[in-house]
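Single-structure report; data block below.
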Amino acid sequence: MKFIRKSCTAILLCALITAPAIPLTGLAAETVSVRNAWARATAPGQKTAGAYMELVSDADAFLIAVASPLAGKAELHNMSMDAGVMRMRSAQKIDLPAQKMVKLAPGGLHVMLLDIKQPLKEGDKVPLTLTIQEAGGAQSTVKVEAEVRAVGGAPGHSHH
């Protein structure tokens, strides 16, 4: 009996050591992937900038908030045409349907960084914390570093 008990204990210990860790911040942080995160470089004295990225969620979820230590405030925004005029409006949340890529890009959905504390220069990194809410209500955060790109938005491309 002692041999069986020791064997079971050893097997359980091995299983616990090799099992993947479950994050304490919630499931959403593990089920949302972020690619191609970038922010626009700012002109001297400019206090706002846009941040963009591609998001894919394994399950239905929502991007409900964003924050950055480099900005006094960060908001979710949407640009749309209204009677021939491009308008920017604050968005309460951005839907992240399961297995569908949601692109935050200039001229559409994006993150607006307000009251920027320092100029954003090409090559810098902007830390962002995304708050994700699962369809069931659980919330978690995803940390992202957005690369600062020149005004044109393409890596290594600048306008003079």
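Here the simple spin-label model places points 7 Å from the Cα toward Cβ, and for residue 101 and residue 88 these points are separated by 2.5 nm.
Please list 115, 124 in order of solvent-accessible area, largest first, computed with a 1.4 Å probe with all protein chains present. Before the final figure, lay out each step's value.
Details: 115 100, 124 50 Å².
Descending order: 115, 124.
When the pairs 73/143; 73/93; 100/125; 93/125; 47/117; 47/93 are compared against a 18 Å limit on Cα-Cα distance, 100/125; 93/125; 47/93 fall above it.
Shown is the FRET efficiency for residue 60 and residue 125, computed with R0 = 30 Å from the Cβ-Cβ distance and rounded to the nearest 0.05: 0.50.
Taking all protein chains as they are arranged and a probe of 1.4 Å, the heavy atoms of residue 100 leave approximately 120 Å² accessible to solvent.
Students sometimes get this wrong: rank 145, 134, 122 by accessible area, probe 1.4 Å, all chains present, largest first. It would help to have the intermediate numbers written out before the result.
Values: 145 120, 134 45, 122 95 Å².
So, going from the largest accessible area down, we get 145, 122, 134.
Working from label points 7 Å from Cα in the Cα-to-Cβ sense, the residue 75 to residue 147 distance is 2.9 nm.
The values are calculated or read from the model by the stated rules, or taken from the named source; none is laboratory data. This is a predicted model, so every value here is computed, not measured. For neighbour counting, all protein chains shown are included, and Cβ atoms are generated from backbone atoms with ideal geometry for every residue, glycine included. Note: accessible area is taken over every heavy atom of the protein model, side chains too, but ligands, DNA and RNA are not part of it. Shrake-Rupley method; radii C 1.70, N 1.55, O 1.52, S 1.80 Å.
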